[in-house]
């Protein structure tokens, strides 16, 4: 059968914009796919619900590399077609592995107004009419080459920098887009469609609290509405807007009310993350923002609207990585409980197409942040797929000399401690999952990264950090120089990880090399003065030092540091954890604070260490063999009178409760063995099953 030729199409309302959809089926995910598109005079392109690109100019034929957006089975292309007058028409063709599989023509559906979810595959478009087929001269000069898209014109994808999405296609093949969205019915799961309260209504007319009328004749500035979600959310903001004239408005996002009152200057990169401007055609539009944002507050400011605009239906379509809330921690201290909940929400909101450092800023996969986020995830969710994806992507852009970029994509800086974190994260993974295949898969880049670190070591096995030559954080994150113990501990753990992976691979000579190197480094490290720093600058240092103090049996110091870094903070009404372990504001986030400076992140995943510290160190549940096939339970409750926790494992959940009156209950999953010890009592080895005990020994 002959492939149909490309036709120009448009919606039923030939005078304005239109919204086009076409479902199609692919027998398998293509290895290569390009989509060529022309719309007179602009467009927004979506594939399978994902924003691909946007243009608003004449003569706009573009060809995009879109293979990463497609999948086997059902697929959807959705196009918002923009027109500013004159000719109209949309032409598109999709080539997969050299064959044309889809063209504009018969079978496309259209609507003259935006509807919530119209670009998503689950949207029901059966009530939409078929698109109109147009003669070629209705579309102006499409610059269409009948020979097909040329290889030299294909626009490649970015794998990072989501705030550039409107200019360059951005796409990665993340498990975020492959997994079913489950878990929304679980207690504590962030709402799928949260609705904010109206915080302020400036220069608008209220109609029953659920609808406002706006008159905005001003050219650049006009009336507006400010909304408060009551806590951090991540997703796509929605409004129902209706007017007989064109609707123009500006969105400002913020984690504090100050950020929507005083948004970043337009020249700042952050401005592109926190502000958007839109122009919608007349009629009733169910608008959804094109850029995902992390925020608590949203301001909608209308300008240059020739007719009255009706505003209603404000809410958010949340963006959430599909996980189950398997891990829990509850105890007699309400501060610990509150912190656990804040940590879990913080981490989950940072789990998107990869582990983000933060959903507001920078929205990057930073290696050091991700190592900790993946580690904390094992205790809260037990997910493995997202980490594996992230580490494969980082390995793909490893520098030829073995260095690991500090963030996703080559061209990023090299932080020496982040090179070590990339290596050590593979040991974390093996220790808590029991899966040796993935560390072995990345053995070559792992050893190359360790070799890069070894090349910087002196004859005593220690690395001396040079003075930072730049007025930025470079070399190592905490800025220390010389033979710093904290960095050389990371170097030692990197050598130990290399030895472990070599042994898993049966590489005895390699393992022996790293064993000797690690022994030399450990001996020299033991001679260095290593006091607890007076100031903790980053959450990485806060977690590593607290965990280390617990591991050394310095329980009072450990709990003191834990409270100093996490409990004793003034969170100022936040329900997530901020970028740095220090006080950021004087006022609650919903009250203007004239002393606040900058736009620091108030939801930063690397701060979520309580997810690991509370079950692993306070409840004392530690794997003794990879994947918890053998594990130890030795609680260190401090002043707590009771605690209950669940720790996810590949064999099932470990459930443990302890009370100061001596009652203990432990559920040992099938296929595992537990070693239980309370205080100075002897260790008891327990097989799978539910065990209840009473102990009189004083806990540590």
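I'd like the projected area of the stretch 361-512, averaged over all directions, using the convex hull of its alpha carbons. Report it in nm² with one decimal.
Values: hull surface 37.9 nm².
The Cα convex hull of the stretch 361-512, projected and averaged over all directions, gives 9.5 nm².
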Per the rule of 0.36 nm per residue minus the C-alpha distance, extending residue 32 to residue 409 adds in nm 133.6 nm
When a footprinting reagent is the concern and you count Cβ atoms within 10 Å, what order do 309, 397, 204 take, fewest first?
397, 204, 309
Treat each spin label as a single point 7 Å out from the Cα along the C-beta direction, and report the residue 692 to residue 670 distance in nm.
2.3
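Would you mind ranking 202, 435 so that the residue whose beta carbon has the fewest other beta carbons within 10 Å leads the list?
Fewest to most other Cβ atoms nearby, the residues stand as 202, 435.
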Which FRET efficiency value, to the nearest 0.05, do you get for residue 272 and residue 554 by plugging their Cβ-Cβ distance into 1/(1 + (r/R0)^6) with R0 = 51 Å?
0.65
In Å and whole numbers, how far do the C-alpha atoms of the stretch 506-571 stretch along each principal axis, longest first?
52, 27, 22
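Taking a quarter of the surface of the convex hull around the Cα atoms of the stretch 197-318, what do you get in nm²? Write out the running numbers ahead of the final one.
Numbers: hull surface 27.1 nm².
Seen from a random direction, the Cα hull of the stretch 197-318 projects 6.8 nm² on average.
Give me the compactness ratio for the stretch 619-694, meaning the Cα radius of gyration over 2.2 N^0.38 Å.
On the way: Rg = 11.5 Å, N = 76, 2.2 N^0.38 = 11.4 Å.
Taking the Cα Rg and dividing by 2.2 N^0.38 Å, one obtains 1.01.
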Helix 485-504 versus the longest principal axis of the chain: what is the Cα-based angle in degrees, 0 to 90, to the nearest 10?
90
Simple label model, 7 Å out from Cα along Cβ direction - residue 468 to residue 312, nm
5.4
Kindly express, to the nearest 10 degrees and within the range 0 to 90, the angle between helix 508-525's C-alpha long axis and the longest C-alpha principal axis of the chain.
70
Give the whole-number value, in cubic angstrom per residue, of the convex hull volume spanned by the C-alpha atoms of the stretch 8-157.
104
Just to confirm the number: angle between the C-alpha axis of helix 443-454 and the first principal axis of the chain, 0 to 90 degrees, nearest 10?
70
If you line up the Cα atoms of the chain on their principal axes, what length do they span on each, largest first, in Å?
85, 59, 55
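Exposure proxy check: 211, 36, 292 ranked by fewest other beta carbons within 10 Å? Each step should come with its number before you reach the end.
Details: 211 14, 36 23, 292 20.
If I rank by nearby Cβ atoms, fewest first, I get 211, 292, 36.
Values in this text are rule-based calculations from the coordinates and carry no lab data. Since we're looking at a predicted model, the values are computed, not measured. Cβ coordinates were reconstructed from backbone atoms using ideal geometry, including for glycine residues, and neighbour counts include every protein chain displayed.
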